[in-house]
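Some notes on the structure that comes next.
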Amino acid sequence: MEWNIAAECISLVMLGIIWVYARKGSRLPSLKNRIFQWCVMVTFSAIFTNILSTVMIYNYVRIPMWSTLVVTMIYFVLTPLMGLAYFLYTLSVIYTDSSQIRRIVSVGIIPGAVYTLVILSNPFTNWIFDLNMNDGYIRGPFISVTYLVFYAYCIASIVFTFANRRQIDREIYRILAAFPVLAVAVIIVQQVYPSVILSGSAATCALLIIYLHLQNRQISIDYLTNVPNRQELLDMLGLVLKKTPKKTFVLAVVSLRDFRQINNACGQQKGDEFLKAMCQFLQKTHGGSNVYRFSGDEFALLFTQEDETQIKKCVETIQERMEQPWQIDEFHFKLNVVIGVVQYSGEGESLEKLINSIEYAVSQAKSGKCGQICYCNKEMLESLERRRKVIRILKEKLEDESFQMYYQPIYSVRSGQFYYAESLMRIPDSPIGPIYPSEFIPIAEETGLIINITYVILNKVCKFINCLMSKGIYIGSIHVNFSAMQFSQPNLAERVLAIIEANGTPPSAIKIEFTESTLAENPQLVTDFALKMKAHGIKMGLDDFGTGYSNIATVINIPFGTVKLDKSLVWVSMKNENSALAVRNLTRTFKELGMKVVAEGVETEEQRKLVVDFGVDQIQGFYYAKPMPEVEMETFMLAQSKKEQRC
Ligand code: C2E
Ligand code: CA
Ligand code: CA
């Protein structure tokens, strides 16, 4: 019989290419990846022995018969084993629990094992094939068993895929369902035309589909830097935590500061080249592997051996390198990095906790609270835990709108009355005790919760104003604090107007306070918003003036009614004459520009005298009143209304 092995030879080359690329791809030693490697190996060996056996059978007269027999037997064992390998691969994709796979495999392996025994006994039975010096190779009466076993595994793959279709991602489902069908189709062609050997091509096609869609580097490798991506790191850590939960390791994240500047100054392409160069440097420093692209401008280094000197040396090398300039073509630049380091203690922390810890360490390093490198120690983990609790409390309080509002009256110098007040959010009781604004406001801002919190506060303030008005208590306006984040909301003006309108509160009774740093960050957004608010009669006030490095030209052009001098300006003016002179002149300038000036943080009689002397219009401070809950504020305002009436 004549055989055509051209397709097999091409398949062998293709398979070789897949093998090389698959090895370069995901390094994750997961069951799925290991079985994929096994599939490639078995298929490669099956095709190789098939080609070899065909050549040997052609030349059986010149080659010792026993060697042809051995190679042919290996080929016959491996061919249906390819089916078994794909079946196992299918199981590894469907089931994440290896004990489930083990149970199915213990049954599923039986046909393969029986078939292998049949092949091993073939020299005595000649059931599958016969090889002799007179006729060469002769097909045995049960040669179809080889194909049947292969079909059986392909069908089993289809059945398991179909049965678990709801658990599997649609894309993966389609691929898992397609590749055994394809393999079966090719083998049917092979049976119809036995002279064209196609079994290897069928297997190679199946592997190619799997490789391109499931095992592809895209999933695990970052295209730009050619190192594994964040998902691969998460998978790797997940695997390490699951398999060796007691093993300690160290994870470091190197975060580039102001990387955006390179893109802005030199263009995106140069930025990309810098990232590649940086990544190569990290790979060299960290000994090649275990460098991951953690995010756009962050790289993770995984130290699987917890060797303190190695880690220290690596960190020092990075720091030293970052002190030197980088050269990308004609551009030279220097960039700073911060490094967050987390040690996994082998105490069974979850992957989520580990990632939160490293992100926290990086954010702490970025904030400069612990220098350029931040080791996430026990203390920090505790504060991270507290932060998590605060977030939970904020979410709960936001959900049922149960945080409390305090109000601090603001004294008007000319009238000697309290017509205004600032609303201040408070959490006086919670499962972790009282939480102060200095703690929860930054957290609410970082998590974006402040956006909805502010809408709830505005609603509460409107209701409070309505309540005072219904009791005949006069209030000029209540100030509501708006964080910088609020201005990122595209429909901010509409939401604010809708809340005020829904409550039927006079718009002039609301004053929106935003800080100087908010203005410095988003001058255009704030200006546009202020104009809209002014058009509807809502007031705007600049808070914390003197702390935010805003452009004075922007400040004087925004239509807001008041400028609140930050407490620090008041306090420093007490000690320093030059500061006092500057604040006095600033106050005059703002007043000449038609704004009212508020002094904040006035605690003593001396401070009061000083700010009155500066010419401020209003005073807010503990000297007059501390922030107080709604009921007390109502009593305070009522008392003052009565006093006013008596006057
Ligand atoms: P802020 O907007 O500058 O609010 C004024 C802060 O100064 C308040 O602190 C107030 O209690 C405090 N204060 C007033 N008079 C004096 C004084 O004479 N001496 C001293 N030492 N402090 C005085 P509080 O309530 O702790 O709030 C701190 C910051 O938290 C606020 O600064 C504001 O930035 C933020 N915050 C508070 N409540 C809210 C809110 O409802 N929304 C937003 N977005 N931020 C808020
Ligand atoms: Ca304020
Ligand atoms: Ca302030």
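Compute the orientation-averaged projected area for segment 371-494 from the convex hull of its Cα atoms and round it to one decimal in nm². Before the final figure, lay out the partial values.
Numbers: hull surface 45.0 nm².
That works out to 11.2 nm².
Considering only DSSP beta bridges where both residues belong to segment 291-432, give the percentage that are antiparallel (nearest 5). It would help to have the intermediate numbers written out before the result.
On the way: 15 of 20 bridges.
Percent antiparallel among DSSP bridges in segment 291-432 is about 75.
What residues qualify as long-range amide H neighbours of Ile510, i.e. H under 5 Å apart, gap of 5 or more or another chain, H built at 1.01 Å from N?
Amide H neighbours of Ile510, under 5 Å, 5+ apart: Ile478, Lys539.
Compute the long axis of helix 351-366 from its Cα atoms, compare it with the longest principal axis of the Cα atoms of the chain, and write down the angle in degrees, 0 to 90, nearest 10.
50 degrees
Amide H of Gln489 versus every other amide H placed in the peptide plane: which residues, excluding those fewer than 5 positions away on the same chain, fall under 5 Å?
Excluding prolines and chain starts, which carry no amide H, there are no hits.
Using only Cα atoms, find the angle between the long axis of helix 144-163 and the longest principal axis of the chain, and express it within 0 to 90 degrees, rounded to the nearest 10.
Its long axis makes an angle of about 20 degrees.
Dipole size in debye (nearest 20) for the chain around its Cα centre, Lys and Arg Cβ +1, Asp and Glu Cβ -1?
Numbers: 63 positive and 60 negative charges, 132 e Å.
It comes to approximately 640 debye.
Which cross-chain or sequence-distant (5 or more) residues have an amide H under 5 Å from the amide H of Val413, H modelled 1.01 Å from N in plane?
Gln618, Ile619
Treating only the Cα positions of segment 420-569 as identical point scatterers, give the base-10 log of I(q)/I(0) from the Debye formula at each q in 0.11, 0.14, 0.15, 0.17 Å⁻¹.
Listed by q, the Debye log ratios stand at -0.42, -0.69, -0.80, -1.02.
Please give the peptides 60-69, 494-503 ranked by average Cβ packing (other Cβ atoms within 10 Å per residue), highest first, as a rough proxy for protection.
Values: 60-69: 13.5, 494-503: 16.2.
The densest-packed peptide leads the list: 494-503, 60-69.
Just check segment 541-625 against the gyration tensor rule for me: Cα atoms, a ≥ b ≥ c as the square roots of the eigenvalues, rounded for a/c under 1.5, and otherwise prolate or oblate depending on whether a/b exceeds b/c.
Details: a/c = 1.73, a/b = 1.49, b/c = 1.17.
Prolate, since a/c reaches 1.5 and a/b exceeds b/c.
Find how many whole Å separate the alpha carbon centroid of segment 393-412 from the alpha carbon centroid of segment 76-94.
63 Å
Would you please name the trypsin sites (Lys or Arg not before Pro) within segment 361-454 that are DSSP coil residues with at most 11 other C-beta atoms within 10 Å of their C-beta?
On the way: sites: Lys366, Lys369, Lys378, Arg386, Arg387, Arg388, Lys389, Arg392, Lys395, Lys397, Arg414, Arg426; in loops: Arg414.
Loop-located and lightly packed - Arg414.
If we restrict to alpha carbons, what Rg and Dmax does segment 174-329 come to, in Å?
22.2, 70
Using the Karplus equation 6.51 cos²θ - 1.76 cosθ + 1.60 (θ = phi - 60°), what ³J(HN,Hα) coupling, rounded to whole Hz, does each residue of segment 105-120 give in order, writing x for Gly and Pro?
5, 4, 8, x, 6, 4, x, x, 5, 4, 4, 4, 5, 4, 5, 5
Using the Cα centre of segment 149-278 as the reference point, and only Cβ charges (+1 on K/R, -1 on D/E), how large is the resulting charge dipole? Debye, rounded to the nearest 20. Walk me through the numbers before you get to the answer.
Details: 14 positive and 8 negative charges, 91 e Å.
Dipole magnitude for segment 149-278 comes out near 440 debye.
Quick one: check the C-alpha center-to-center distance for segment 516-555 versus segment 263-278, whole angstrom.
Segment 516-555 and segment 263-278 have Cα centres separated by 35 Å.
If you split all Cα-Cα distances of segment 95-235 into 10 Å bins from zero, what percentages do you get per bin, shortest first?
10, 27, 32, 19, 9, 3, 0
Tell me, how many Å apart are the Cα centres for segment 124-141 and for segment 425-474?
Distance between centres, Cα-based: 89 Å.
Quick one: what are the phi-derived ³J(HN,Hα) couplings along segment 324-334, Karplus 6.51/-1.76/1.60 with θ = phi - 60°, whole Hz, x for glycine and proline?
These are the phi-based 3J(HN,Hα) values: 8, x, 9, 10, 10, 6, 8, 9, 10, 8, 10 Hz.
So what are the ³J(HN,Hα) numbers for segment 87-101, from phi and the Karplus equation (6.51, -1.76, 1.60; θ = phi - 60°), rounded to whole Hz, Gly and Pro as x?
Along segment 87-101, the couplings run 4, 5, 4, 4, 4, 5, 7, 6, 9, 8, 8, 5, 5, 5, 4 Hz.
Quick one: Kirkwood hydrodynamic radius for segment 1-124, alpha-carbon pairs, angstrom, one decimal? Working shown, then result.
Details: mean 1/r = 0.0619 Å⁻¹.
Value: 16.2 Å, from the Cα pair sum.
Once R0 is set to 41 Å, what does the formula 1/(1 + (r/R0)^6) return for the Cβ-Cβ distance between Thr309 and Arg392, expressed as a FRET efficiency to the nearest 0.05?
On the way: r = 40 Å, r/R0 = 0.97.
The calculated FRET efficiency here is 0.55.
Return the calculated 222 nm mean residue ellipticity for the chain, to the nearest 500 deg cm²/dmol, obtained by summing -39500 (n - 2.57) across DSSP H runs with n ≥ 4 and dividing by the residue count.
Numbers: 25 runs with 379 residues, N = 647.
It comes out at -19000 deg cm²/dmol, rounded to the nearest 500.
With 38 Å as the cut-off, how large is the P(r) tail for the chain, expressed as percent of Cα-Cα pairs? If you can, show how the numbers build up before the last one.
Values: 119847 of 208981 pairs.
For the chain, the share of Cα pairs beyond 38 Å comes to 57 percent.
Starting from 0.36 nm per residue, how many nanometres of slack lie between Val196 and Ser67 once their C-alpha separation is accounted for? Intermediate values should be presented prior to the final figure.
Working: separation 129, 0.36 × 129 = 46.44 nm, distance 2.36 nm.
44.1 nm is the gain from fully extending Val196 to Ser67.
Restricting to the chain, compute how many DSSP beta bridges are antiparallel as a %, nearest 5. Let's see the in-between values first.
Values: 39 of 69 bridges.
Rounded to the nearest five, the antiparallel share is 55 percent.
Which entries in the list Lys247/Lys353; Lys460/Lys532; Lys242/Lys397; Lys460/Lys642; Lys270/Lys369; Lys243/Lys366 go over 28 Å, if you measure between the two C-alpha atoms of each? Intermediate values should be presented prior to the final figure.
Numbers: Lys247/Lys353 16 Å; Lys460/Lys532 22 Å; Lys242/Lys397 36 Å; Lys460/Lys642 25 Å; Lys270/Lys369 31 Å; Lys243/Lys366 33 Å.
Over 28 Å Cα-Cα: Lys242/Lys397; Lys270/Lys369; Lys243/Lys366.
If you fit an axis through the alpha-carbon atoms of helix 605-614 and take the longest principal axis of the Cα set of the chain, what angle between them do you get, 0 to 90°, nearest 10?
90 degrees
Laboratory data are not the source of any read-out in this text; all were calculated from the coordinates shown. Source: prediction; values computed, not measured. Note: ideal-geometry Cβ built from the backbone for every residue, glycine included; neighbour counts use all protein chains shown.
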